[in-house]
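Student: Handing you a structure now.
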Amino acid sequence: LSGRSKKWIKFKCLPRQEAVVGGYTEPRGGRLGFGALLVGYYEGERFKYAGKVGTGFDERALKELSPVLHRLSRRTTPFADFASARSAPPVHWVRPKVVCEVAFDGWTEEGRLKYPRFVAVKKDRDPRQVTAA
């Protein structure tokens, strides 16, 4: 069919990337658990920061992931290249053990994910094998 009609569905295809959680922010508003995940990937032995993932979580994911992150707590950033901003909300650092999958719109020149959205936790992946695609 040509032209516009209700028989056409617009569907945006997005690339996906595995990412390792290195920290999280405090929840805001009515959200429970955490606000956003700070994620990264490995480049050789270096754990590099790839950005914040703050959307895509349902209530179940927030409930299941929050206690896991609390158990992995550490005092310092695990990222080799993280530069904090003074205006950023407090960050809770975690040992990089949890792998998740994110959908995103591309990569920035700085190596950050553009508009990443949480898809799922990947329990079958070794975090050290997660690299930038």
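The values are calculated or read from the model by the stated rules, or taken from the named source; none is laboratory data. As the structure is a prediction and not an experimental result, all values here were calculated from the model. Here the Cβ is made from the backbone with ideal geometry for all residues, glycine too, and neighbour counts use every protein chain on show. Side chains included, ligands, DNA and RNA excluded: accessible areas come from the protein's heavy atoms. Shrake-Rupley method; radii C 1.70, N 1.55, O 1.52, S 1.80 Å.
Student: At 0.36 nm per residue, minus the direct Cα-Cα distance, what do SER2 and LYS123 gain on full extension? Give it in nm, one decimal, please.
Tutor: 39.1 nm
Student: Something else: Compute log10 of I(q)/I(0) for the range 62-133 with the Debye formula, placing one identical point scatterer on every Cα and leaving out solvent, at q = 0.12 Å⁻¹, to two decimals.
Tutor: -0.40
Student: For the chain, build the charge dipole from Cβ charges (+1 Lys, Arg; -1 Asp, Glu) around the Cα centre, then report which of GLY44, GLY3, ALA132 sits farthest towards its positive end.
Tutor: GLY3
Student: Give me the lysines in straight-line cross-link reach of LYS122: C-alpha distance below 30 Å, same-chain residues under 8 apart excluded.
Tutor: List returned: LYS10, LYS12, LYS48, LYS52, LYS63, LYS97, LYS114.
Student: If you don't mind, another one. Using the alpha-carbon atoms, what tilt in degrees (0 to 90, nearest 10) does helix 59-71 show relative to the longest principal axis of the chain?
Tutor: Helix 59-71 sits roughly 20 degrees off the main axis of the chain.
Student: Provide the per-residue ³J(HN,Hα) series for the range 40-46, in order, calculated from phi with Karplus coefficients 6.51, -1.76, 1.60 and θ = phi - 60°, each as a whole number of Hz, with x at glycine and proline positions.
Tutor: For the range 40-46, the Karplus curve yields x, 8, 9, 10, x, 8, 7 Hz.
Student: Within the range 35-73, what residues put their amide N at less than 15 Å from the label point 7 Å along the Cα-to-Cβ vector of GLU26?
Tutor: 35-36
Student: Want the number for ARG71 to ARG46: 0.36 nm per residue separation, take away the alpha-carbon distance, what's left?
Tutor: Contour length minus Cα-Cα distance gives 6.7 nm.
Student: Which whole-number percent gives the relative contact order of the range 1-121, counting Cα pairs below 8 Å spaced six or more residues apart?
Tutor: Once normalised by length, the contact order is 31 percent.
Student: Can you tell me the accessible area per residue over the chain, all protein chains present, probe 1.4 angstrom, in square angstrom?
Tutor: Per-residue accessible area for the chain comes out at 67 Å².
Student: If you wrap a convex hull around the alpha carbons of the chain, what volume per residue comes out, as a whole number of Å³?
Tutor: 165 Å³
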